[in-house]
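Right, one structure below, let's go through it.
The values are calculated or read from the model by the stated rules, or taken from the named source; none is laboratory data. Since this is a predicted model, take the numbers as computed values, not measurements. FYI the Cβ positions are ideal-geometry reconstructions off the backbone, even for glycines, and counts take in every protein chain you see. Quick note on the areas: whole protein, heavy atoms, side chains included, nothing else; ligands and nucleic acids left out. Shrake-Rupley method; radii C 1.70, N 1.55, O 1.52, S 1.80 Å.
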Amino acid sequence: MTADITDLMKKLVSLCKRRGYVFQSGEIYGGLQSSWDYGPLGIELKKNIENSWWNFMVTTRPDVVGMDSAIITHPDVWKASGHLKNFHDPMVDCMKCKSRFRLDHIKGDTCPECGGPLTEPRDFGLMFKTQMGALEDDSSTVYLRPETCQPIFVNFRNIVNATRQKLPFGIAQMGKAFRNEITARNFIFRSREFEQMEMEFFCLPEEAEKWFEFWLDERMKWYYGLGIKSRNLRTRRHDDSELAHYASSCFDIEYTFPFATDGWGELEGVANRTDYDLKAHIEGSGQDLSYHDQISNTKTVPYVIESSGGIGRTMLAVLLDAYREEEVEGRERVVLGLHRNLAPIKAAVLPLSKKLSENAMEVFDTIRPLFPVTFDVTGSIGKRYRRMDEAGTPFCVTYDFDSLDDKKVTIRERDSLEQMRIPIETLADKLKDLIDNGWPEEGI
Ligand code: GAP
């Protein structure tokens, strides 16, 4: 890592703690490594990302339905899916400094930390197992799901029967997944407990390539829609040696994460999983999971196009992309230029002086039920603006001494620093318009 990169990540991690986005889990006990808790602003940002994904992938599409499965799963699911056999990382240890690395993360046969010799690769199982019920033996072993998609395949017949969806159609799920990663690092990029957003699109085998291209395109549109700069996003085709055991082809959607060795790190995979999973569960369960076309009276095991992204990684990309330091009127400021749809707080009401708190609070009360807003009276107005800039709040509403007479307030926009003075009675409508459509000159 170069100094700049370490610096940027350090600054972001520190801002995330300072402003209540992300905290290290169990911090007062020394911290649980690679485990993270989302604070008041973090949970709002995460929810905004999740809602945006659900809206884009499910609510607005007639051909995709959602589900939410249990996290603790039947062991046979992972036997049939191939995870028990294949879900391992080959690891090597340095015999000198004892550091441990994933084999596919190192070049050459000496330790990247100290140059020492490495052991032969050994496999480490990635699934978390636990015991269900009172007995603690093999018969009670169950697994925390390492991906959210398998319960989708397992429920394929239930969902077809319940919804009468016709091919092609998709099933989406988002939620926690667990992997005992050996090299969990880089803040929320790679952790052991994380959240996935996955959609499995079932189609006729001969249409799989068409849908693969369609979904890759759609997924890029979603990332652009989050406000991530297009120059920081790309797609990359997996070569054969990278393909997972279930995939016939796969593209990664990548972001310019500053710590990534070649400058790009994975946000999401879009893969053609063929009929691998449904066939595996047909074989594993002995149940018929084929699709029955009533009109032609034919049975097919559909192909599956998968879109599989991480919520934490998307959040990290959004935060890195939004972070900037700049000088304004001779003063340094740190800004999180989050898209207004993602910003956890949409507006802050700031009385210019403590003496105006009561009047400003009346204004605040009129908009509080309508948007996520905050009220801040502590410190100089300049300090409060800086706090809101760092938190990513797009609009600040200032109540000053003139407001007492002219019944107007000033709205300040975070990025351009432009201001407009408007009657208090129009504030709620104006803010709604600004949140929906942006500052008037945006995009000109
Ligand atoms: N169902 C396919 C699947 O799970 P994956 O590439 O292993 O594919 C998909 O994971 C996405 O889940 C990744 O692109 C990444 O965004 C996220 N992800 C995977 N492992 C993760 C981890 N340890 N920490 C955070 N996110 C992770």
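Results, tabulated for the structure shown:
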quantity	calculated
Selection within the range 315-368 - of a type in the set (D, E, K, R), touching a residue at least 60 places away in the same chain (Cβ under 8 Å) and more than 30 Å from Phe259 (Cβ to Cβ)	Lys346
Answer residue from the range 195-211, given it is surrounded by fewer than 19 Cβ atoms within 10 Å (Cβ to Cβ) and not in a loop (DSSP other than H, G, I, E, B) and is farthest from the ligand (Cβ to nearest atom) among those	Glu206
Selected residue (only one of Asp240, Asp275 is among the charged types (D, E, K, R), within 24 Å of Glu147 (Cα to Cα) and touching a helix residue (DSSP H, G or I) at 6+ places or on another chain (Cβ under 8 Å))	Asp275
Unmet criterion (only one of (1) in a loop (DSSP other than H, G, I, E, B); (2) within 24 Å of the chain's Cα centre (by Cα); (3) aliphatic (A, V, I, L, M)) for Met315	(1)
Residue list for the range 266-283, filter: open to solvent by 60 Å² or more (accessible area, probe 1.4 Å) and either of a type in the set (Asp, Glu) or away from the ligand (no atom under 14 Å from the Cβ) (or both)	Glu266, Lys279, Glu283
Selection status of Glu254, open to solvent by less than 40 Å² (accessible area, probe 1.4 Å), at pLDDT 95 or above and over 23 Å from Leu336 (Cα atoms)	no
Failed criterion for Leu289 (all others in (1) over 22 Å from Leu342 (Cβ atoms); (2) surrounded by fewer than 18 Cβ atoms within 10 Å (Cβ to Cβ); (3) more than 16 Å from the ligand (Cβ to nearest atom) hold)	(2)
Residue count, the range 296-312 (criterion: within 16 Å of the ligand (Cβ to nearest atom) and either outside any helix (DSSP H, G or I) or of a type in the set (Phe, Trp, Tyr) (or both))	8
Long-range neighbours under 7 Å by Cβ, at least six apart or interchain, first residue free of Cβ contacts under 8 Å to residues at least 12 places away in the same chain within the range 256-273, second away from the ligand (no atom under 13 Å from the Cβ) and open to solvent by 10 Å² or more (accessible area, probe 1.4 Å)	Gly263/Thr256
Helices (runs of 4 or more DSSP H) within the range 329-429 that include 3 or more residues within 25 Å of Leu15 (Cα to Cα), among the charged types (D, E, K, R) and in contact with a Lys or Arg (Cβ under 8 Å, 6 or more places away or on another chain)	381-391
Some residue of the range 345-353 being open to solvent by 70 Å² or more (accessible area, probe 1.4 Å) and more than 22 Å from Ile424 (Cα to Cα)	no
The lone exception for Asn437 - which of (1) open to solvent by less than 20 Å² (accessible area, probe 1.4 Å); (2) under 27 Å from the mean Cα position of the chain (by Cα); (3) free of Cβ contacts under 8 Å to residues at least 24 places away in the same chain it fails	(1)
Residue satisfying condition, being assigned to a helix (DSSP H, G or I), within 19 Å of Asn48 (Cβ to Cβ) and either of a type in the set (Lys, Arg) or more than 12 Å from the ligand (Cβ to nearest atom) (or both), within set Arg231, Arg219	Arg219
Count - residues of the range 406-421 that are under 31 Å from the mean Cα position of the chain (by Cα) and among the polar types (S, T, N, Q)	1
